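Down below is the structure, laid out as structure tokens.
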Amino acid sequence: MKKTIRKCIGVLLIVALLCGGGMTASAGYIEDSTVFRASCTVNGDTATQRGFCWYTKTEVKTQIRVLENGRDVTETLTLADEQCTAWEGNYMHKITVKDLKSGTEYTYQLMGDAGWSEPGSFRTDDGDDKLSFIGIADVQASSLENFMKGVRTVSAGLEMDPDADFVVNLGDFTNDSTNEEWDYYAEAFDGFNSGVTLAPIAGNHDGLGVWHWFDNLFCLDTSESVQTLNGVNYSYDYGNAHFAVLNTNDALSLSLAQLKWLYNDMRSTDKDWKIVFMHKSPYTLGKDGKWPDALYTKETLARVCELTGVDLVMSGHDHQYLRTKSLKLNRVVGDGEGVTYVLAGTAGSKRYEIRDFMLDHFITLDKLAALTVQKGGKDDTGFYHQCYLQDGSLDNVDLNRIGGVFNNITIEGGKLTYKAYVIKDREEGETEDVITEIDSFELTKEPGENKIGYTGKNTTSAFEYALLLIPSFLALAVFTFGNWFPRFLCMLPKLVYTVITKDVF
């Protein structure tokens, strides 16, 4: 009950910011903050550990204060991996807190430029077979206004499920991963982040060409990450589910080292549910789905997921909502017999049209269960509005589906329930939120059937990673010319026609 009340208060504060005149300049926010860019993340055992990262303007000692029922219990805990590092004109702090009690509500404060920060809070996993989480993707903003739209989207998810155990962000937190944009992110999201546990995923805008930014913004368990230059791969358990996070910036998409890691990781658990989070989407009708890395990711990832009994794959990157039917060997099978892939839509304001020229070349309509385009129409044809409904038909999106997407997922024993919603963009003068359910489905299974098949040390040395890089690029090159290129040539006439008639590439 206390957790529900706390989170409801947090949502109300966010709504007050959105509705009021709280859009002050980011520089002023950072200057007045004792800490900024603070996050509490999953880090190892979710029943006993959390990772904390935050920034200060000056070099101060990395300290955290943890309280249980108002009593300071920091001395009873193990604090590990403290660091304070100068980074891009500020100071980055990290600390891992261990030996927490399971199923316990904690508050915490972080040491900043002017003393202790305002309290944040989190709750550890209680170990039962019930959990819920919220999924968003691709806020990818450059302005404070657009970051606030992203906060509005994820806050709607938390208002619908105030007891969510964690929030998954499937990547592309910012557009260019600059100091200015991360300051805008801090101004918009810091109040929200202080009351949730995050499971962050590196997007291409968070990793490619902006080395080390992602790893320097979140305190994650990197002990099994194949590398941390442009993102982090990691895994964790929550309740009766096992989650693996992939870094799709690795060797253009997924290196052989990371695929090997995922194969071992998913075989090392006997949890009932196996779920993969990643940024680039294996199945998509967005603009990035026509390139070799998307098709290669689908072909390589699917084999690993099917071999290891993965139930659900969630991704972002292509700024629309799409769900496949249950698939095995790229064929539709009965629910629960294969893998369900969800492209989780965008929580932000940058949204993509359907690239229908990819149909029958890169993806076939019979594999889709749902698709929603979140943007308004370009012309009288309603091209931007087109939406494949759950019955497989093609229709136009009503205006209530023009907005940001959030996803609420609940697991209870042998049942997983997935619901996706759009929170409609507000027109001038509108004050009420309009939330529309755009998709829902259930997966069921018999608990207790998964067995551990791997017990080794699942790490990759720098030498092994380097050794596998050349085969990784060769595998992608062979796939590109032998598989992707012929499909692209077959698709090219329809692509050119679409560019000429609709100005969409």
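The values are calculated or read from the model by the stated rules, or taken from the named source; none is laboratory data. None of the values given here were measured: they were computed from a predicted structure. Here Cβ is always computed from backbone atoms with ideal geometry, including for glycine, and neighbour counts include all displayed protein chains.
Things worth noting here:
- Considering L389, L394, L399, L329, the condition of being among the aliphatic types (A, V, I, L, M), modelled with pLDDT under 85 and farther than 18 Å from G286 by Cα is satisfied by L399 alone.
This table checks each residue for (1) touching a residue at least 60 places away in the same chain (Cβ under 8 Å); (2) surrounded by fewer than 24 Cβ atoms within 10 Å (Cβ to Cβ).
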{"site": "N204", "(1), (2)": "yes, yes"}
{"site": "S223", "(1), (2)": "yes, yes"}
{"site": "G231", "(1), (2)": "no, no"}
{"site": "G239", "(1), (2)": "yes, yes"}
{"site": "L246", "(1), (2)": "no, no"}
{"site": "D250", "(1), (2)": "no, no"}
{"site": "F277", "(1), (2)": "yes, no"}
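- You will find that of I438, I470, the residue that is touching a Ser or Thr at 6+ places or on another chain (Cβ under 6 Å) and not acidic (D, E) is I438 and no other.
- Every condition in (1) surrounded by 21 or more Cβ atoms within 10 Å (Cβ to Cβ); (2) farther than 16 Å from G171 by Cβ; (3) touching a strand residue (DSSP E or B) at 6+ places or on another chain (Cβ under 9 Å) is met by S255 except one, and the failing one is (3).
Residue-wise test of (1) assigned to a helix (DSSP H, G or I); (2) over 27 Å from the mean Cα position of the chain (by Cα).
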site	(1), (2)
I423	no, no
T431	no, yes
S440	no, no
V478	yes, yes
N483	yes, yes
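- Taken over the range 487-500, residues that are surrounded by fewer than 14 Cβ atoms within 10 Å (Cβ to Cβ) and under 11 Å from F362 (Cα atoms) amount to 1.
- For the range 56-95, the set of residues classified as touching a helix residue (DSSP H, G or I) at 6+ places or on another chain (Cβ under 6 Å), within 22 Å of S121 (Cα to Cα) and not hydrophobic (A, V, I, L, M, F, W, C) consists of R65 only.
- Any hit, the range 139-146, residues being closer than 21 Å to K57 by Cα and within 15 Å of the chain's Cα centre (by Cα): no
- Among the residues of the range 169-195, those identified as in contact with a strand residue (DSSP E or B) (Cβ under 6 Å, 6 or more places away or on another chain) and over 22 Å from P119 (Cα atoms) are N169, L170, E181.
- Any hit, the range 165-186, residues being of a type in the set (A, V, I, L, M, F, W, C), surrounded by fewer than 24 Cβ atoms within 10 Å (Cβ to Cβ), more than 20 Å from V405 (Cβ to Cβ) and free of Cβ contacts under 8 Å to residues at least 40 places away in the same chain: no
- Under the condition of being surrounded by 23 or more Cβ atoms within 10 Å (Cβ to Cβ) and in a helix (DSSP H, G or I), the residues counted in the range 305-330 number 1.
- Unique match (being assigned to a loop (DSSP other than H, G, I, E, B), within 25 Å of the chain's Cα centre (by Cα) and among the β-branched types (V, I, T)) among T96, T107, T46, T62: T46
- Scanning the range 254-283 for residues that are more than 16 Å from the chain's Cα centre (by Cα) and among the polar types (S, T, N, Q), we see that the one that is farthest from G103 (Cα to Cα) is S255.
- Qualifying residue in the range 460-471 (condition: in contact (Cβ under 8 Å) with a residue 40 or more places away in the chain and among the β-branched types (V, I, T)): yes
- Residue match in the range 339-350 (condition: on the phi < 0 side of the Ramachandran plot and surrounded by fewer than 21 Cβ atoms within 10 Å (Cβ to Cβ)): yes
- The range 362-385, residues that are in a loop (DSSP other than H, G, I, E, B) and either at pLDDT below 90 or under 30 Å from G414 (Cβ atoms) (or both): T364, V373, Q374, K375, G376, G377, K378, D379, D380, T381, G382
- Among (1) over 19 Å from N450 (Cα atoms); (2) surrounded by fewer than 23 Cβ atoms within 10 Å (Cβ to Cβ); (3) out of contact with any strand residue (DSSP E or B) (no Cβ under 8 Å at 6 or more places or on another chain); (4) at pLDDT 95 or above, the one test that D270 misses: (1)
- The requirement of being within 13 Å of the chain's Cα centre (by Cα), surrounded by 21 or more Cβ atoms within 10 Å (Cβ to Cβ) and not aromatic (F, W, Y) is fulfilled nowhere in the range 208-217; no residue meets it.
- Some residue of the range 17-27 being at positive phi, modelled with pLDDT of 50 or more and not charged (D, E, K, R): no
- Exactly one residue out of D72, D113 is among the charged types (D, E, K, R), in contact with a Lys or Arg (Cβ under 9 Å, 6 or more places away or on another chain), more than 22 Å from Y236 (Cα to Cα) and touching a residue at least 40 places away in the same chain (Cβ under 8 Å), and it is D113.
- Looking across the range 110-129 at every residue that is of a type in the set (D, E, K, R) and outside any strand (DSSP E or B), the one that is nearest to N216 (Cα to Cα) is identified as D113.
- Members of the range 240-279 found to be in a helix (DSSP H, G or I), more than 17 Å from G456 (Cα to Cα) and of a type in the set (S, T, N, Q), listed by number: none
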